[in-house]
Every structure is written in structure tokens, then in C-alpha cells.
Amino acid sequence: MLQELLGAIAGAGAVGMVYLAMAARVVKQYERGVLFRLGRVAGDVRAPGLTLIVPFVDRLHKVNMQIVTMPIPAQEGITRDNVTVRVDAVVYFRVVDAASALVTVEDYKFAVSQMAQTSLRSIIGKSDLDDLLSNREKLNQGLELMIDSPAVGWGIQVDRVEIKDVSLPDTMKRSMARQAEADRERRARIINADAELQASKKLAEAAQQMSDTPAALQLRLLQTVMAVSAEKNSTLVLPIPVELLHFLERGNRQPAPDGHQQPAPDARQKAVTEGHRQAVPEDPGPQAFPDVPEDPGPQAFPDVPEGSEQPAPDVEREWLPGQG
């Protein structure tokens, strides 16, 4: 009798241990458990720790509540300014409602991935190339809003969306490189021109100062001589004051003093000059030929037919030098 009782107790204990082993479930700290009893959600979401279910009746599904990092495959599209680009991104999201993530959508990870790809292509078509390259923060916010709007009903919260890389065609890269080079060259020329303008103003001020103070020019000349003589060369520099050159120039331009007459010209030169004046007669003018008639014109020969030569005048005189 006692043995039968001990056997029954041992059997009940074994059944209890088997039942407990089948009913016990452990939910980790980063997980939440959703209990389905006969196919329906039963009770609240199970918290982390040890929980019991009814074997063969309940089924416990564990949902990871950690932030999921999902890369978005590179999407090729045409921007608003008709440039073909390839853009890839990454999405950071997590589950905030475990029951909705299991009941509302079949596979929430796949759904978020497809929504992210569609939203990325839409963002590419609505943006310019300059916005994709320089204004990524605004595009990230727009992309996050587009993905998060439908994901809220699935129990998903999108924490962040980042555009990783923008791939451009080789021709576009070369064009952008030429544009950047031209812009840098333009800025370099503007800087050089500004420097020349400032240098010219400073040189004009220096020239004005030196013209007011001639000693400054002498000091500058001595500094230049010292700079040249400091190097090992065979150059000999002889500085000549500018005032000395001005003095010699003024001395050459001064007239002869009173009491000193200019030397008389040479007699031979004077004779040559007078002979030249006698050899070249002056213009006699029209009064030198009183007897020579003027050109009578065609009216003086009315009987001469056209085409024939006119007779030469009877009187021809040749003026010779010395005739009055």
C-alpha cells in the first residue's frame, strides 16, 4: 500500500514536472511576449521574465524591441533637374507595440524595407541634384516622415533615416569638377585683383610721402644697397641722388650771364649762308609777267572745230633768274 502511494506521488510529480517544463516560458529583457490562446490574443503583452502558458492551448510569440538597423538598397532615379543618380540609405526603427506588429502586418521588417525603398525613389524625383549633395538634413527629415506615416499603424516607430551615398555618372562628375575649377580660378583672380588694388593704393601713399620728404627716398635707396650688398655677388651699385640730376639739368637750361656775348659765327659759315640766300630767288609773283596774256579759254577760237588742237600763243617768254 505504501509503495503504491509513493509510486502515485512520484508519477504525479513527474507529470507536474513535465507540465511545468511545457508551460514555462522565459521572456528576455529586450523582448515582449504576445500570447495567442486558440488563435486569439489573450491578455496583455507578457513582460520580461518567467511566464506560464497552457500547453497545447496557448502559443507565445516573442517580439524583439531593440532598434533595428536596416540598409536600403541603392535606388536609381532621375532628379527634378533631369540627372540620373543612384542613392542608398539606412533606416533605424523599433517596435513600440508588439501586438500590432504581429497582428496588423505579416512581416513588419519586409514592409518597412519596401516602404523605405519607395519613399527613397519618391524623394529622388522631387529633389534637385544640389539638394541631394548639400541639403541632406532636410531630405532625411522628409524621408523619415514618409516612412513613419504608414508605420505608426503597424506598431513601428522610425527613429532616424540617413542618406548614405549619392552616385553620379562620370560625365556629371567631370562637369562638376570643371565648374569647381572655374569657380576657384575666378575667386583667385578676384583676390589677385584686390591685392593689386590695395598695393597700388599703398604705393601711391608711399610715393606721396617720399615726394614730401626727399630724405625718405635716400633712406630707401640705402636699404636697397644694403640688401644687394648682403648677397655674394660682383655687382657694384653707385647710388646717384636724384636731386643732383635735377641740379645739372637746371644748370644746362640757364641763359648766359650779362656782359658775355655769344661767339660770332665762323666767316666760312656766314659766306655759305649768304651764297645760299642769293642762289635761291624769291617768288616773283604775277607782276613779273605784265606782257604775257592770260589763258583765253575756248571762247577765243570760235571757228576751230572740236577735236582739233588749239594753236599755241604767239608770245612765249621764259623767266630767268635776274630779270626784273
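Things worth noting here:
- Remark: spin-label model distance Val18-Lys173 equals 6.9 nm, labels positioned 7 Å along the Cα→Cβ axis.
- Under 5 Å, built H, 5+ apart or other chain: amide partners of Ile72: Ala89, Val90, Val91
- Spin-label model, Asp183 to Met210: label points 7 Å out along the Cα-to-beta-carbon direction sit 4.2 nm apart.
- Heavy atoms of Val26: accessible area, 1.4 Å probe, square angstrom to 10: 90
- You can think of it this way: the chain between Arg250 and Leu222 has 7.5 nm of extra reach, that is 0.36 nm per residue less the Cα-Cα gap.
- Two-decimal log10 I(q)/I(0) for the range 33-73, as the Debye equation yields it once each C-alpha is a single scatterer, q = 0.29, 0.30 Å⁻¹: -1.06, -1.11
- Sequence-distant residues sharing a close amide H with Val45 (under 5 Å, placed H): none
- Whole-Hz ³J(HN,Hα) from phi, Karplus 6.51 cos²θ - 1.76 cosθ + 1.60, for the range 10-18, glycine and proline x: 5, x, 5, x, 5, 5, x, 5, 5
- Solvent-free Debye calculation, one equal scatterer per alpha-carbon of the range 5-139: log10 I(q)/I(0) at 0.12, 0.15, 0.16 Å⁻¹ equals -0.67, -0.83, -0.88.
- Förster radius 45 Å - calculated FRET efficiency between Gln3 and Arg40 (Cβ-Cβ, nearest 0.05): 0.45
- What the Cβ-Cβ distance of Asp128 and Ile67 gives, at R0 = 35 Å and to the nearest 0.05, is a FRET efficiency of 0.65.
- Projecting label points 7 angstrom from Cα along Cα→Cβ for Ile191 and Lys28 puts them 5.6 nm apart.
- Highest mean first, the peptides 3-10, 206-213, 117-124, 70-77 sorted by other C-beta atoms within 10 Å per residue fall in the order 117-124, 70-77, 206-213, 3-10.
- Extension gain, Leu60 to Gln141: 0.36 nm times the residue separation minus the Cα-Cα distance gives 25.5 nm.
- Entries of Lys28/Lys109; Lys28/Lys138; Lys138/Lys164; Lys62/Lys109 with Cα pairs more than 26 Å apart: Lys28/Lys138
- Computed from the C-beta positions of Ser113 and Ala47 and an R0 of 22 Å, the FRET efficiency is 0.15 to the nearest 0.05.
- Taking amide H as placed 1.01 Å from N in the peptide plane, Arg160 has its amide H under 5 Å from the amide H of Tyr92, each at least 5 places away in sequence or on another chain.
- When you count the other C-beta atoms within 10 angstrom of each residue and take the mean per peptide, 214-220, 182-188 line up highest first as 214-220, 182-188.
The values are calculated or read from the model by the stated rules, or taken from the named source; none is laboratory data. Everything quoted here is computed from the prediction, not taken from an experiment. So basically every Cβ, Gly included, is an ideal-geometry build from the backbone, and we count neighbours across all protein chains shown. Ligands, DNA and RNA are stripped out before the accessible areas are found, and what is left, the full protein with its side chains, is counted by its heavy atoms. Shrake-Rupley method; radii C 1.70, N 1.55, O 1.52, S 1.80 Å.
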